[in-house]
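Single-structure report; data block below.
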Amino acid sequence: MVKKKRQIVISGGGPSGLAAALLFADLGWDDIILVERRLTPGDFEKNKAFNYQIDPRGQKLLKRLGIADMLGTYGVANRSFTLTTIKADGDDVVATPPIIDPERQTSYWMTRRNFLEMMYRAIEERNDGRIRLLYGHSFQNIEQGPGGVPQITITDEGSNEHIFKPDLLLACDGLNSQVRRSLKRWPGMAPDQFKMIQYPSASTGLTYKVLNLPACFPVKGKIGAVDDHCMTYSILSRHKDRRDAFALFAFPVTDPNHPRSVNIIREADHNLWKIDNANDLIKYLQDSFPQLDISEIVSLEEAEDFAMLEAGQFPAPQHAKNVHAKLGDGYDAMHCLLIGDAAHAFPPDLGLGVNSALEDLFILDQIIADGGNIEQLCKNYEKVRIPNNESLVRLVQTVAPYQYNHMPWRFRKWILTFMIQRGLNKVMPWLIDKPTFMLTQDHNKDYVEIERRQKKSSLTMRILGIALLSSLAAGTIAALQ
């Protein structure tokens with residue numbers, strides 16, 4: 001009997017999709033098809049101009065693929081977090097907030113564009129004919145073909161349909177996964193089989209847009225200029241009112257000639273989101289940032305793009321109820337796995353989005369290495385990842401949702417609690433753990449363990465707090481007698 005060639009279809013050409021193509025080529029699969037709606041690898045989705053920090057958790061897969069050495073070319077290495085804040089009068093404050101675990105290994109700031117280019121180059125340099133990158137194609141549906149055999153419909157730019165019958169389908173197509181939606185329509189599938197279970201969070205619904213600024217530019221006042229393209233800057237507006245106050249948060253870039261993607265994150269009722277034309281935007285920005293010459297660093301074209309850009313909103317932390325489906329039976333069965341945002345999505349509070357997606361693939365690779373048929377492997381993957389996804393989403397929900405300073409008093413309370421716990425940990429590490437924000441930076445611990453340690457430390461701190469208050473109350477009563 002001739003051995004069946006193994007075919008995989010990957011829906012989505014983002015970070016996890018490209019990484020999956022490389023991984024399954026390394027695993028020896030015969031036909032690897034990646035489907036991506038963007039027309040070319042270089043197509044730039046402006047409101048997806050995110051900045052990633054590829055940390056050691058995400059680097060595990062890149063090392064497995066033999067491409068981790070590319071990070072230094074496409075990203076800015078860092079071991080800590082140094083921030084230069086530029087006030088409205090041009091004065092600056094340079095600080096290194098103690099929020100990064102000193103034991104954490106080197107991470108890399110990288111734009112989404114650079115990371116996608118890095119992964120695409122890695123595939124291109126491999127020159128492996130088994131990998132087919134179908135740009136300008138869209139995943140449409142999963143349905144029963146002749147004889148009830150599951151099949152996938154893909155359309156190209158001309159709306160021509162292409163049918164595939166893979167052994168494995170990977171949904172790497174994000175929070176609004178078309179694959180996940182299609183699974184709901186499969187005959188006999190429970191309506192809630194792939195329901196996204198949501199958790200409330202203080203950062204859910206925050207609105208964001210991305211403004212491109214030069215990597216370096218002059219600043220009026222003492223600092224003189226934003227002149228270090230490897231530095232993170234926060235440029236503060238002069239306004240204090242909640243509906244006008246905001247900051248331009250500029251992450252590092254590798255190339256001083258490459259624009260910085262500046263994130264603006266505020267509540268949905270902020271006045272900035274009401275502006276719908278370039279001239280009004282430039283006037284508003286100039287009024288907000290007297291330390292900048294806005295007309296010199298924001299072109300009319302860039303301002304018009306920003307004004308017309310549809311704002312994005314942070315989703316609620318959420319995870320899929322299940323991440324594996326078996327469609328059909330026997331020799332012609334198709335298995336489907338949800339990866340990355342299709343399986344777990346949340347606001348960028350902890351910087352875990354891209355890293356957790358890459359870790360999904362790293363864990364899948366480890367499970368495959370243990371051996372077994374494809375159905376056993378997929379079931380084992382789901383068994384391992386579901387508890388981890390649940391803990392991951394709850395951690396994002398609770399650990400740092402106030403960091404955007406949209407609730408100033410809660411932000412200050414978070415900082416105070418963080419510093420108290422950090423101090424207690426240094427004094428009695430056997431009793432109080434590091435703040436959970438730091439624990440999530442340990443790539444050797446899964447999120448189930450991190451959540452367990454979070455709960456234990458929180459309970460211990462509450463007990464200590466009650467004991468301290470009781471002691472103070474007793475002392476006060478004794479003094480009054």
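The values are calculated or read from the model by the stated rules, or taken from the named source; none is laboratory data. In this text, all values refer to a predicted model and were calculated from it rather than measured experimentally. Cβ atoms come from the backbone with ideal geometry, glycine included; neighbour counts cover every protein chain shown. These accessible areas exclude ligands, DNA and RNA; they are computed on the full protein's heavy atoms, side chains included. Shrake-Rupley method; radii C 1.70, N 1.55, O 1.52, S 1.80 Å.
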A careful count of residues in the range 156-213 that are on the phi > 0 side of the Ramachandran plot and without any contact (Cβ under 8 Å) to a residue 12 or more places away in the chain gives 2
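Table: residues versus (1) surrounded by fewer than 18 Cβ atoms within 10 Å (Cβ to Cβ); (2) over 21 Å from F314 (Cβ atoms).
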| site | (1), (2) |
| --- | --- |
| L338 | no, no |
| V354 | no, no |
| Y381 | no, yes |
| H406 | no, no |
| F411 | yes, no |
Take T82 and decide whether it is more than 20 Å from the chain's Cα centre (by Cα), open to solvent by 40 Å² or more (accessible area, probe 1.4 Å), in contact (Cβ under 8 Å) with a residue 40 or more places away in the chain and within 30 Å of L292 (Cα to Cα).
-> yes
List every residue pair whose Cβ atoms lie under 7 Å apart, where the two residues are 6 or more positions apart in sequence or sit on different chains, the first residue falls within the range 390-405 and is closer than 19 Å to A320 by Cα, and the second residue, located anywhere, is in a helix (DSSP H, G or I) and open to solvent by 50 Å² or more (accessible area, probe 1.4 Å).
-> S391/V448
I131: passes all of (1) within 25 Å of M189 (Cβ to Cβ); (2) surrounded by 14 or more Cβ atoms within 10 Å (Cβ to Cβ); (3) of a type in the set (A, V, I, L, M) but (1)
Any hit, the range 265-276, residues being open to solvent by less than 50 Å² (accessible area, probe 1.4 Å) and part of a strand (DSSP E or B) | yes
Are any of the residues in the range 237-253 closer than 30 Å to M407 by Cβ, at pLDDT 90 or above, exposed (fewer than 15 other Cβ atoms within 10 Å of the Cβ) and touching a helix residue (DSSP H, G or I) at 6+ places or on another chain (Cβ under 6 Å)?
-> yes
Only unsatisfied item for L134, checking (1) modelled with pLDDT under 95; (2) out of contact with any Lys or Arg (no Cβ under 7 Å at 6 or more places or on another chain), is (1)
When you go through Y120, Y108 one by one, which is the residue that is at pLDDT 90 or above, assigned to a helix (DSSP H, G or I) and of a type in the set (S, T, Y)?
-> Y120
Would you please name the residue that is farthest from R180 (Cα to Cα), looking only at residues in the range 127-155 that are in contact with a Leu (Cβ under 8 Å, 6 or more places away or on another chain) and of a type in the set (A, V, I, L, M)?
-> I131
Among the residues of the range 66-79 satisfying the criterion of being open to solvent by less than 70 Å² (accessible area, probe 1.4 Å), closer than 25 Å to H258 by Cβ and outside any helix (DSSP H, G or I), which is modelled with the highest pLDDT?
-> I67
Quick check, is I415 out of contact with any Ser or Thr (no Cβ under 8 Å at 6 or more places or on another chain), hydrophobic (A, V, I, L, M, F, W, C) and surrounded by fewer than 17 Cβ atoms within 10 Å (Cβ to Cβ)?
-> yes
So, of the residues in the range 440-475 that are of a type in the set (A, V, I, L, M) and modelled with pLDDT of 95 or more, which turns out to be surrounded by the most Cβ atoms within 10 Å (Cβ to Cβ)?
-> I450
Members of the range 422-476 found to be assigned to a loop (DSSP other than H, G, I, E, B), among the aromatic types (F, W, Y) and in contact with a Leu (Cβ under 6 Å, 6 or more places away or on another chain), listed by number | none
